[in-house]
Structures are given as structure tokens and as C-alpha cells.
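> My structure is below; once you've seen it, I'll send some questions.
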């Protein structure tokens, strides 16, 4: 039992127990024993994913607000459940705290974390609090469920599938660039991009929609940028793809930066990551279903290209339909 | 993708994929997608627990060997599954690496980790690698399964139950004290205590035995010391307990230190923790079954006291049957 800034590990655990709801019919043991324990619903398989945010790698204390960090550390793991078409059920939280934060900061973090879980009815069932000499760290393990027949992996893309992204990927990276300028004030448009970096919303509903209607043949969430995450799909599915900048969905705010900075901005948009939008492929037979969903406003998704037969590789065509050098956009040549 | 000391995150992930077996009939998706996915066996519920070891809080690089750390970081989470009577099935590993370690160190760590999983047929199914500016950290999430009717919590102790521990708790804390002396050489006896700290063995088989034969009414693994972990059981079960030093099982090596240092050694033995032995309570109706298991050598366990009716509290009786001040032994008065 270690104490920093007048806050003890057990005090944080008690605060969590008091403020985080443990009501869940399938949960037989929640916070407070050696393990949590739950039953998987009939006809479902369990999904699990874990991710860590570390100080000065993923965020800096001088610009990251605790509530946003709480929200984001949940979102990055919940987004992985979304990318399989699953429903988040439970979460575990490992807090590595240092003397650079106080009680108020920690509670603000936990409130942001709680809000992110609440949006998808995910229940915190365990975790760990450590007081560390250096390096704030937040590890979130998300546990979800999906019907096996609806589960979407990275491996299902076939030659001739369309490549789609949800929302407007790239906003997050451009928002991060603005944050790093550490300015005193930002315009409304700039603040919008920053909030896309600070408060990403995992696309849980959209993931389930694409999965349950069997529209997506392969799916991934965009954590490391469109180019690298698409590379992961292509490598696993063993297909190639071509995407076109002309088709790429830009937010109004990102389009303004592209107009000013050109290729520099495109490198960040395709290579930056941390959007937590979905990237997915669609077989021709499902194109009409997806079009209907888009037209009815049930999902926001844009076709950015298509897959084709051949060894995994990517072409990015610019506005003159010339090939861009994919190395500049996050393509790594050897992901597996 | 960050690189330190010539090692990249993805290179570590590739090494793990190559060296960690993914064969498991219930595992539908292993390492390499957004989530891992598995089916829970019929008639079982899922157990999950997570723990973090952090540099300079739980270990120091100048005395911790990477292989031992790998083993130990797995053991602390596997031990939580043992304490519920469960069988470990899957693990997730979050590595926070810093420039203070190199490729060789990381591979030695992973080999130790792999060995610990192999002893209980636990399969690594996911995780995360982060290169951090400060603070090595290892978070292991263990996923197990147990039949609901065999699951043992901390809440089941009744007045009149016997209190037992497995093995010889206290060795680990005395071993840590020796490690902290940072001597060039240690005697054979000293090295034995040190190895009890460095390479704890989670009592998975014993936990399952006590659970499946319904011998343990409540159970916990000893991570923070006998006094504090017993406090957790008493608080949750709402009973009090008395334990006696005369009954307490000491290894030959610990007994030698007690003979020399007396009460100072006892404080470490009852208050030190990190033994990952089991502490459990036994109703009178199950005493004979347990005696038979002990006599036949199927489990090593010693009765150290008994519970009684009343508000949760602990008495520790010394060799003259006088009460020791429990505050000196790790009792905290307000665990919940």
C-alpha cells in the first residue's frame, strides 16, 4: 500500500467501487475478489483486447486533460471490440499513477473513463492501482461478445471488394499537431479537430451494423493511420488495394488544412492514426445493402478504393491519378 | 511504431507470434487481429484478473533477472485464478519497454513468461507493446474458467472455520530483504529464499483441489502478506479470526532468520507478501477430507488458526499466547 499526494491505492479502489455500477445479469463476481467472473451468453463467443496509453509516448500532461484521457483510454480498447462487430460487456483498468497527479486529477480521469464505458453499457469489473516513481500509464482491457457468425476479422477481404472508411479519418492527427503547438487559444475549427484527437468515439454501433448485416468482409479500427491499418488488412487477407485521394472523406476543417498545406497534410491524414474510425471492405454482393444504410443515415461511410488480386501492396493515387510513395504515408512493407 | 536499442515494437510482436503456441480448441482468434476470441466451455464461467509489475515499485533492474521477471509477472495473475479454484486458459501481455533494456533482455523476459504459462497450459492470445520514455512495466491479464459450483470467493468463511495456508509464506519477503542487500554472494539457504521471491509458483493445482472437493469455504492468494490478505477474507466474510505464531509453518531457512531476528522477522513473514501461496478457510465438516489430502501428500497446508463470530478483526497470538499488535503486521483496519 503506497501513498502519493495524500492518496492511497485503496482509497482509489474504494472510490471506484462506490462510483462504478456493477449491475449486470451475467456478472457473477465483480470488483473486490481475486478475479471477476462472468457467464458468456448462449450463442456468443468472448472477445478480448487490451491497450496501454503511456505518458510522453501517447500523451503529455501539459496538454492532456484528465477527463479526456479517461475517455480515450477506454475508447482505444472499446474500438477493438467495435472492429470485430462485437458488443463491449466488461472492462479492466490498470492505473499506474505518479506524484505528478493529485486526487482531483485522478477523479476527473475516472469520470471520463466511466462516461466512455456508460455510452456502451460496459461494466468495470476489475483492475489494479500502482503508484509508480515514473510514467503515468493506463491499461484498459475490454471484454466483449459477438455471435460467431457475425464476427469480422482482418482476413476476409477478397479481390474486387470495395474499401470503405467511416467518418473523416485524419482529423485526429491534425488535431494532435495543433495540440503540440501548445497555443493559448484555438479557433472553433481548430478546437473541433483537437476534440477528435482528445475524445475519439469508438464506432460500436456501426461495427455491429456492418457485422450483423454481413456487409463487411474484413474490418479494422484506424489506430495507426489508414495506410498502416489497411496494410494490416491486406497482409492478413492476402490482397492488394488502390485508394484515391479524390475519394477520401475530409472534414471541412481538415479540407481547409489540406488546401493550405497540401501533401504535408495528406501524410498526416493517411499516416497519423488515432481516429478510431472503422476501415472495412465490402464484397460486390453487399454494396446495395451498404448504400441503403448510408442513404438512410444509419452509417457515415465513404468508399475510398478497392482491392484486387495479387501480393499485398497498396497504391495511393493522387488527384492526377499518379502514384504516391506509400512509404511516406505509413506503409511499412513488413507487417504481419 | 517506435524503436529503441535497435528493437521495434513489431519485431517483438513477430517474435512472440513465432515462439508462443496458439493451439487451443476453444480459441477461434488468437494473436494478430483487433481482438482475440474464444468460446467458454459448457458448464463453466470465465474468470479474469489483471496485475502490473512496475520498475522501482515491484522490482529493480539491478537485481531482477529478466527470466525471473517474465515468470513472476505471469505468476501474479495466474495466482488469482488459482485462488478462485480455476484453470488458467488465456493471457494478455502489455509490455512497457524503455531504453534500459535490449533485445536480449526482452527475449529472456519472454522466455520466462512463456515457461510460466506453459506449466499450466495457458495460451498467450494478445497484448500490447509500447516503448516508453520511463518506467518498465509488465501488465498481465489472466483469463481462466471454473465451474460455478466450484468457484471459491473471499466471502464464504463462517465462524468456526479453520484458517490454513499452503507452503511456507514469509520466505518471499525474507528473500527480498536479502536481495536488497545487493551482496556479491549468497549462501545456499539465502539463495533458496531469494528464489521464493524471484520465482513464485502459483498454486493452481492445489487451488483446484480445494475448490473441486469443496474443502475451502473462502480462499485468497497471499500477495500482500498473511495479515492483510486474511483481513480481506475476514472483511468480506464478516467474521473474526485468531492465528498463532506457534502453528505457523516456517521453512528451515526462515526459521533460522526468526531464531536470529525474532519479532523483526515475524513482521516480514506475516506482513511482507508476494508469496503467492493460498490462504483458505475450512468448515469443520471438511476437516477430515483435508487431513487426508495432507497426509497423502497431495497438498502442503498448515492450520494457523480459526475464525469466530464477530466484527471482522484479527488476533495474532505469540508464543506466550499474548496478543501482538496487528498494526505492525500489515493489518489496515479499513480494507473493503
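> Which one is modelled with the highest pLDDT among residues in the stretch B:134-147 that are farther than 26 Å from residue B:42 by Cα and more than 7 Å from every other protein chain (Cβ to nearest Cβ)? Talk me through it step by step, then tell me what you get.
Going through the stretch B:134-147, the residues farther than 26 Å from residue B:42 by Cα turn out to be B:134-139.
Now restrict to residues that are more than 7 Å from every other protein chain (Cβ to nearest Cβ): B:136, B:138.
Numbers: B:136: 93, B:138: 96.
My answer is B:138.
> Shifting gears a bit: Return only the number of the condition from (1) at the interface with chain A (Cβ under 10 Å from one of its Cβ atoms); (2) under 22 Å from residue B:111 (Cβ atoms); (3) in a loop (DSSP other than H, G, I, E, B) that residue B:64 does not satisfy.
Status for residue B:64: all satisfied but (1).
> Select, from A:169, A:133, the only residue that is in the same structural domain as residue A:237 (by TED's automatic domain parsing) and part of a loop (DSSP other than H, G, I, E, B).
On the way: A:133 fails: in the same structural domain as residue A:237 (by TED's automatic domain parsing).
Just one listed residue meets the conditions, A:169.
> Against the condition at the interface with chain A (Cβ under 10 Å from one of its Cβ atoms), crowded, with 16+ Cβ neighbours inside 10 Å and under 17 Å from residue A:139 (Cβ atoms), how does residue B:33 come out, does it pass?
Values: at the interface with chain A (Cβ under 10 Å from one of its Cβ atoms): yes; crowded, with 16+ Cβ neighbours inside 10 Å: yes; under 17 Å from residue A:139 (Cβ atoms): no.
No.
> Any residue in the stretch B:281-298 that is more than 14 Å from chain A (Cβ to nearest Cβ), closer than 29 Å to residue B:187 by Cβ and under 22 Å from the mean Cα position of the chain (by Cα)?
yes
> Taking the condition outside the structural domain of residue A:27 (by TED's automatic domain parsing) and surrounded by fewer than 24 Cβ atoms within 10 Å (Cβ to Cβ), does residue A:176 pass?
Judged against the criteria, residue A:176 is a match.
> Further question: Given the criteria assigned to a loop (DSSP other than H, G, I, E, B), under 19 Å from the mean Cα position of the chain (by Cα), modelled with pLDDT of 95 or more and assigned by TED's automatic domain parsing to the domain that holds residue A:121, does residue A:85 qualify? Write out each step before concluding.
Values: assigned to a loop (DSSP other than H, G, I, E, B): yes; under 19 Å from the mean Cα position of the chain (by Cα): yes; modelled with pLDDT of 95 or more: yes; assigned by TED's automatic domain parsing to the domain that holds residue A:121: yes.
In short, yes.
> Here's something else I'd like to know. Could you say whether any residue in the stretch B:107-114 is free of Cβ contacts under 8 Å to residues at least 40 places away in the same chain and out of contact with any strand residue (DSSP E or B) (no Cβ under 6 Å at 6 or more places or on another chain)?
The answer is no, given that none of the residues of the stretch B:107-114 is free of Cβ contacts under 8 Å to residues at least 40 places away in the same chain and out of contact with any strand residue (DSSP E or B) (no Cβ under 6 Å at 6 or more places or on another chain).
> Here is a follow-up. Is it true that residue B:98 is surrounded by fewer than 24 Cβ atoms within 10 Å (Cβ to Cβ) and at the interface with chain A (Cβ under 7 Å from one of its Cβ atoms)? Don't jump to the end; show me each part of the working.
Working: surrounded by fewer than 24 Cβ atoms within 10 Å (Cβ to Cβ): yes; at the interface with chain A (Cβ under 7 Å from one of its Cβ atoms): no.
No.
> For residues in the stretch A:52-61 being at the interface with chain B (Cβ under 7 Å from one of its Cβ atoms) and assigned to a strand (DSSP E or B), which is farthest from residue A:146 (Cα to Cα)?
By that ranking, first place goes to A:54.
> Let me ask you something else. If I go through the stretch A:102-128 residue by residue, how many of them are closer than 29 Å to residue A:212 by Cβ, over 18 Å from the mean Cα position of the chain (by Cα) and more than 10 Å from chain B (Cβ to nearest Cβ)?
2
> Can you confirm whether the stretch A:213-228 contains a residue that is surrounded by fewer than 20 Cβ atoms within 10 Å (Cβ to Cβ), assigned to a helix (DSSP H, G or I) and either at pLDDT 95 or above or within 13 Å of chain B (Cβ to nearest Cβ) (or both)?
No, because not a single residue in the stretch A:213-228 is surrounded by fewer than 20 Cβ atoms within 10 Å (Cβ to Cβ), assigned to a helix (DSSP H, G or I) and either at pLDDT 95 or above or within 13 Å of chain B (Cβ to nearest Cβ) (or both).
> Follow-up. Hey, among A:111, A:65, A:121, which residue is at positive phi and surrounded by fewer than 24 Cβ atoms within 10 Å (Cβ to Cβ)?
Numbers: A:111 fails: at positive phi; A:65 fails: at positive phi.
Matching residue, one of A:111, A:65, A:121: A:121.
> Considering each of B:99, B:77, B:49 in turn, give the residue that is farther than 28 Å from residue B:208 by Cα and either in the same structural domain as residue B:12 (by TED's automatic domain parsing) or in a loop (DSSP other than H, G, I, E, B) (or both).
Going through B:99, B:77, B:49 in turn, just one is farther than 28 Å from residue B:208 by Cα and either in the same structural domain as residue B:12 (by TED's automatic domain parsing) or in a loop (DSSP other than H, G, I, E, B) (or both): B:99.
Okay, residues lined up against (1) closer than 18 Å to residue A:331 by Cβ; (2) more than 13 Å from the chain's Cα centre (by Cα); (3) more than 14 Å from chain B (Cβ to nearest Cβ):
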| position | (1), (2), (3) |
| --- | --- |
| A:154 | yes, yes, no |
| A:176 | no, yes, yes |
| A:185 | no, yes, yes |
| A:242 | yes, yes, yes |
| A:252 | no, yes, yes |
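Here's the yes/no breakdown for (1) touching a residue at least 60 places away in the same chain (Cβ under 8 Å); (2) under 29 Å from residue B:28 (Cβ atoms):
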| position | (1), (2) |
| --- | --- |
| A:17 | no, no |
| A:24 | yes, yes |
| A:27 | yes, yes |
| A:48 | yes, yes |
| A:51 | yes, yes |
| A:62 | yes, no |
| A:71 | yes, no |
| A:74 | yes, yes |
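> Test residue A:131 against the stated conditions and say whether it is within 26 Å of residue A:19 (Cα to Cα), within 14 Å of chain B (Cβ to nearest Cβ), surrounded by fewer than 22 Cβ atoms within 10 Å (Cβ to Cβ) and touching a strand residue (DSSP E or B) at 6+ places or on another chain (Cβ under 8 Å).
Considered against the rule, which asks whether it is within 26 Å of residue A:19 (Cα to Cα), within 14 Å of chain B (Cβ to nearest Cβ), surrounded by fewer than 22 Cβ atoms within 10 Å (Cβ to Cβ) and touching a strand residue (DSSP E or B) at 6+ places or on another chain (Cβ under 8 Å), residue A:131 comes out as yes.
> Sticking with this structure for a sec: Just one of A:232, A:191 is out of contact with any helix residue (DSSP H, G or I) (no Cβ under 7 Å at 6 or more places or on another chain) and either over 29 Å from residue B:27 (Cα atoms) or away from every other protein chain (no Cβ under 14 Å) (or both); which is it? Talk me through it step by step, then tell me what you get.
Values: A:232 fails: either over 29 Å from residue B:27 (Cα atoms) or away from every other protein chain (no Cβ under 14 Å) (or both).
Only one candidate qualifies: A:191.
The values are calculated or read from the model by the stated rules, or taken from the named source; none is laboratory data. A quick note: this is a predicted structure, and the numbers were derived from the prediction, not measured. Don't worry about glycine lacking a Cβ; one is built from the backbone with ideal geometry, like all the others, and counts go over all protein chains shown.
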